[in-house]
Amino acid sequence: MTTASAPGKIILFGEHAVVYGRPAVATAIDKRIYVETDFTEKSPYESSYISSIKDSQSYSSKKGIIIQYYDKSRLSYTKNDITSGQEHDVYKSEIRDERPTFYQSNKYLQESVDIVLKKAEMMGNTEIKDCVLKIVTKSELPISSGLGSSGALCVALIKSLSSLFGLDLDNKEIAQMGWEIERNVQGFASGIDPFVSTYGGIIHYNNGCFDRIDIDDQIDLNFLIIHSGKNSSTKDMVKRVAELKTRFPNTVNKIFDAIGVVTEEAVDILYNLIKGKPSKRSSKLEHLQLLGSLLCINQGLLESLGVSTLELSNLFYRSLRYGALGAKLTGSGGGGCLISLYPPSTDMATIFEDYTTLKCRISPNGVMIEK
Ligand code: PMV
């Protein structure tokens, strides 16, 4: 048995434009998906909680996968049901959803299994022939909310399975595999999610190349994540932007360019904040104010691409009204979450008591095998 985990992410700047070769910057967060994998004797066709891969042409009837979810994402939203703290243990004891579920994450899940099995077979691993796999996922991330749950699931599953099969996959291979899966499922994908989930930390990303901005525990970017209450599909939103680009290529390319410029300006500020370690409080606050302004500009540009929603825009203005330095939607939009940047040590969660909020810290930790 082996368990791996990988973090979710927030895109700070550059979503959508990054699919078309512009830079983006994203950070891993301290909310993770855990994936346990094991060989099992149980037949996938006898069990009541099976999600077998019998539909997949490439597998013999003996092979199968048993999937158990202990997963927040199976729950419908209730007010404030994602908060920082002990959720993970709570899921374990209280939520045991064993129904076969073919939600969006399953396509990512099946593609992930597929790609690792193929790799193992290519490398002459015979142990996996006709195996039945048991996969248990535990999630601290809501799905379809712009927080990279699919990318984290793929990366954690690839890591866990490759360790189970004795494959020695490095991070580069894991991230590239995650990107391939995203492309297969979504059509277009920049790869930023699997790269951030694999490497952790703050990633300045462009088309498979990236700089990792090293962070330490002192970094105090006080982001609040607010869920708009509506889920969204990355695939649909990416498609919608692609259609807009087909209709208005010049305009949309200029918007992408502008997002790229905003991202680069933000990266300079982030480097100064993190590496320059401004000594005076005021100087740090000034940096954060600049970052906040850029978040707002990025939000405006995302609005112009049509990926914001009434709920997200309302949350945006509410954030600013109650002291945020800046805010923007994060991820593909059309629902999902808004990120709101606050001055250090301010606790703004109470302002959004009628919404689900997630307080998280940015995290240097990428994919890992759990002890
Ligand atoms: O909604 P998420 O977390 O899957 O983020 C998608 C980010 C996009 O830029 C819209 C797509 C991509 O592949 O980069």
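What to note about this one:
- Exactly one residue out of Leu157, Leu169 is part of a loop (DSSP other than H, G, I, E, B), out of contact with any Asp or Glu (no Cβ under 8 Å at 6 or more places or on another chain) and among the hydrophobic types (A, V, I, L, M, F, W, C), and it is Leu169.
- The residues of segment 182-206 that are modelled with pLDDT of 90 or more and open to solvent by 10 Å² or more (accessible area, probe 1.4 Å), listed by number, are Glu182, Arg183, Asn184, Ala189, Ser190, Asp193, Tyr199, His204, Asn206.
- Meets criteria (surrounded by fewer than 16 Cβ atoms within 10 Å (Cβ to Cβ) and among the hydrophobic types (A, V, I, L, M, F, W, C)) for Leu302: no
- Count of residues meeting criterion [surrounded by 15 or more Cβ atoms within 10 Å (Cβ to Cβ) and under 20 Å from Leu312 (Cβ atoms)] in segment 341-371: 12
- Residue match in segment 317-333 (condition: of a type outside the set (Lys, Arg), surrounded by fewer than 20 Cβ atoms within 10 Å (Cβ to Cβ), within 16 Å of the ligand (Cβ to nearest atom) and part of a helix (DSSP H, G or I)): no
- Check on Asn253, within 14 Å of the ligand (Cβ to nearest atom), touching a residue at least 40 places away in the same chain (Cβ under 8 Å) and either open to solvent by 40 Å² or more (accessible area, probe 1.4 Å) or among the aromatic types (Phe, Trp, Tyr) (or both): no
- Among (1) crowded, with 24+ Cβ neighbours inside 10 Å; (2) part of a helix (DSSP H, G or I), the one test that Trp179 misses: (1)
- Within segment 4-38, the residues that satisfy the criterion of being open to solvent by less than 10 Å² (accessible area, probe 1.4 Å), within 13 Å of the ligand (Cβ to nearest atom) and small (Gly, Ala, Ser) are Gly8, Gly14, Ala17, Ala24, Ala26, Ala28.
- Phe165 being hydrophobic (A, V, I, L, M, F, W, C) and under 20 Å from Lys134 (Cβ atoms): yes
- Test result for Leu338, open to solvent by less than 30 Å² (accessible area, probe 1.4 Å), assigned to a helix (DSSP H, G or I), within 16 Å of the ligand (Cβ to nearest atom) and within 28 Å of Ser233 (Cβ to Cβ): no
The values are calculated or read from the model by the stated rules, or taken from the named source; none is laboratory data. Keep in mind that this is a model prediction, so the values were computed, not measured. Don't worry about glycine lacking a Cβ; one is built from the backbone with ideal geometry, like all the others, and counts go over all protein chains shown. The area values use the complete protein model at the heavy-atom level, side chains included, leaving out ligands, DNA and RNA. Shrake-Rupley method; radii C 1.70, N 1.55, O 1.52, S 1.80 Å.
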